[in-house]
Amino acid sequence: MGEDAESPKINHTFLRDYVTEADVISTVEFNQTGDLLATGDKGGRVVIFQRETESKGESEEVGETGDSGEYNVYSTFQSHEPDFDYLKSLEIEEKINKIRWLPQQNAAHFLLSTNDKTIKLWKVSERDKRPEGYNLKDEEGRIKDISTITSLQVPVLKPTDLMVEVRPRRVFSNGHTYHVNSISVNSDGETYLSADDLRINMWHLGITDRSFNIVDIKPANMEDLTEVITAAEFHPHHCHLFVYSSSKGTLRLCDMRASALCDRHTKLFEEPEDPGSRSFFSEIISSVSDVKFSHSGRYLLTRDYLTAKVWDLNMDKGPVETYQVHEYLRSKLCSLYENDCIFDKFECVWNSSDSVIMTGAYNSFFRMFDRETGRGVTLEAWRESSKPRAVLRTRRVYSGGKRRRGDVGVDSLDFTKKILHMAWHPSENIIAIAATNNLYIFQDRVNPELQ
């Protein structure tokens with residue numbers, strides 16, 4: 001057979017949009033200062049970005065004050081490898097489920113990363129000097145013949161190129177039978193909790209071979225199981241308080257001062273269900289996928305499939321604020337169930353002043369809500385907006401009524417482009433958005449006192 005006269009054309013758009021599963025970002029987290037940003041992916045890798053400080057001249061040239069530089073890659077390392085549970089004949093994925101930074105105590109940084117089963121503590125440090133002048137080693141590191149040593153010298157530190165070293169300091173394993181969905185560092189700086197579907201354990205950062213079980217909801221007969229734990233977090237200021245959410249849409253606040261085993265909660269937060277609106281999907285869409293304490297510690301932010309809710313710790317009868325994230329999908333629940341999108345777990349975050357909340361949606365959209373006015377805005381994370389100094393464009397999903405130019409129809413939404421993971425800088429209006437294998441970092445340059 002003869003060859004075609006024209007050579008085959010490569011579809012570059014396909015190659016650009018093709019994403020391997022291992023490259024999909026699965027968690028995003030700023031450290032306490034916001035100078036470092038860590039991401040984990042489904043391939044078990046952790047990438048740390050560092051914020052570069054711009055010089056004064058550069059800042060004045062842009063015409064802005066207080067503007068800091070970009071985030072550039074600081075270090076990349078393999079946190080977890082695929083494993084196999086021989087007792088249960090199950091593969092253990094290398095996917096990074098959560099990353100949490102520890103408060104910085106010295107020049108080094110520490111972070112916790114976890115896959116479904118194993119939690120690891122990593123030390124991230126810099127080295128810009130190396131010792132020279134060993135007595136027992138030559139310049140290439142080989143041991144000298146002691147008989148040839150006629151004098152002793154004092155080793156000295158010589159400057160060298162900056163190296164970022166990442167080393168595992170602790171491995172916390174065998175603590176969970178089920179998949180770990182949350183880790184949270186305590187305000188005491190010494191302990192942290194890890195949660196799976198049925199249990200929550202508390203660990204000491206210095207002890208790897210044992211943990212203390214503080215919540216266990218596993219029934220004696222698994223056929224009686226009605227709910228699972230979906231997320232858990234420590235209070236930002238009180239080391240004895242923590243909260244966990246369930247697949248039934250409830251939140252339980254626990255006080256470790258009351259009892260060692262916190263199976264009996266201190267407070268139960270639950271919104272009464274309207275019997276008239278109950279459907280086959282009611283329990284699925286009411287499952288809480290994320291829970292976050294506000295920076296003040298007064299409020300809780302939760303996300304279920306269709307809404308984001310703010311709860312006051314002093315009012316357990318229902319949420320004080322409810323925000324509709326994508327109510328237009330309520331009529332599409334049947335098709336979303338068939339393609340499994342209804343089980344997507346969206347995260348939610350607070351801004352530094354607790355005045356604005358943010359959460360993700362489909363079609364590369366994410367939503368922000370101003371708590372004072374109650375107004376929400378839909379923004380899009382896409383390639384054009386990732387250009388330097390590009391302005392984020394607002395979008396609107398058309399679900400009825402008068403259609404405006406630029407509106408996106410509900411049937412046109414791309415459910416493969418979902419914003420599940422995000423983070424907000426702890427003190428500034430900088431946000432990090434994970435969209436499949438892309439990380440977008442946006443900064444409010446117009447008005448530092450946004451909202």
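Figures for the structure shown
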| read-out | value |
| --- | --- |
| Cα centroid separation - segment 120-136 against segment 212-246, whole Å | 41 Å |
| Residues with amide H under 5 Å from that of Val320, placed H, sequence gap 5 or more | Val310, Trp311, Asp312 |
| Under-5 Å amide H pairs with Ser75, H placed in peptide plane, nonlocal only | Ile48 |
| Computed E for Glu283/Asp316 - FRET, C-beta separation, R0 25 angstrom, nearest 0.05 | 0.75 |
| Inter-label distance for Tyr86 and His237, nm, one decimal - labels placed 7 Å from Cα along Cα-to-Cβ | 5.1 nm |
| HN-Hα J in Hz across segment 341-355 - Karplus 6.51, -1.76, 1.60, θ = phi - 60°, x for Gly and Pro | 5, 5, 9, 4, 10, 8, 8, 9, 9, 9, 7, 5, 9, 6, 9 |
| Loop-located trypsin sites (Lys or Arg not before Pro) in segment 167-245, at most 16 other Cβ atoms within 10 Å (DSSP) | Arg210 |
| Within segment 299-334, backbone nitrogen closer than 20 Å to the virtual label 7 Å beyond the Cα of Asp370 toward Cβ | 308-310, 321-326 |
| Mean ellipticity per residue at 222 nm, deg cm²/dmol - from DSSP H runs of n ≥ 4 across the chain, formula -39500 (n - 2.57) | -1000 deg cm²/dmol |
| Dipole-positive endmost among Ser246, Gly318, Met202 within the chain (Cβ charges, Cα centre) | Gly318 |
| Heavy-atom accessible area order for Phe30, Phe280, largest first, 1.4 Å probe | Phe280, Phe30 |
| Debye intensity ratio I(q)/I(0), log10, the chain, q values 0.07, 0.14 Å⁻¹ (C-alpha model) | -0.42, -1.47 |
| Estimated distance in nm for a label pair at Gln443 and Arg264, the labels positioned 7 Å out from Cα along Cα-to-Cβ | 5.3 nm |
| Dimensions (Å) - segment 316-380, Cα atoms, principal axes, largest first | 39, 33, 18 |
| With DNA, RNA and ligands ignored, accessible area of Thr33 (1.4 Å probe; Å², nearest 10) | 70 Å² |
| Karplus 3J(HN,Hα) series, Hz, for segment 116-125 with 6.51 cos²θ - 1.76 cosθ + 1.60 (x for Gly, Pro) | 5, 10, 10, 9, 10, 9, 10, 9, 10, 9 |
| Whole-number accessible area per residue in Å² for the chain, which is evaluated in the context of all protein chains at 1.4 Å | 56 Å² |
| From phi via Karplus (6.51, -1.76, 1.60), per-residue ³J(HN,Hα) for segment 126-135 in Hz, x at Gly/Pro | 10, 9, 10, 9, 9, x, 9, x, 5, 8 |
| Rh (Kirkwood; distinct C-alpha pairs) - segment 64-162, Å | 18.7 Å |
| Cα centre as origin, Lys/Arg/Asp/Glu Cβ charges: the chain dipole, Debye | 560 debye |
| Euclidean distance of C-alpha centroids, segment 393-420 and segment 150-201, integer Å | 43 Å |
| Accessible surface of the chain, 1.4 Å probe, proportion on carbon and sulfur as whole % | 49 percent |
| Residues Asp128 and Tyr328, FRET efficiency given R0 of 51 Å [Cβ-Cβ distance, rounded to 0.05] | 0.40 |
| Protection-proxy order for peptides 132-139, 235-242, each taking the mean of Cβ atoms within 10 Å per residue, highest first | 235-242, 132-139 |
| Two-site label geometry, Val154 and Thr20: point separation in nm, points 7 Å out along Cα→Cβ | 5.1 nm |
| Trypsin sites (Lys or Arg not before Pro) within segment 258-332, DSSP loop, no more than 14 other Cβ atoms inside 10 Å | Arg264, Arg278, Arg298, Lys317 |
| In Å², nearest 10: area of Ser296 left accessible to a 1.4 Å probe | 60 Å² |
| Full-extension gain in nm, Asn339 to Ser173, via 0.36 nm per residue minus C-alpha separation | 56.4 nm |
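The values are calculated or read from the model by the stated rules, or taken from the named source; none is laboratory data. Every value quoted in this text rests on a predicted model; they were computed, and no experiment measured them. Here Cβ is always computed from backbone atoms with ideal geometry, including for glycine, and neighbour counts include all displayed protein chains. For accessibility, only protein heavy atoms count, side chains too; no ligands or nucleic acids. Shrake-Rupley method; radii C 1.70, N 1.55, O 1.52, S 1.80 Å.
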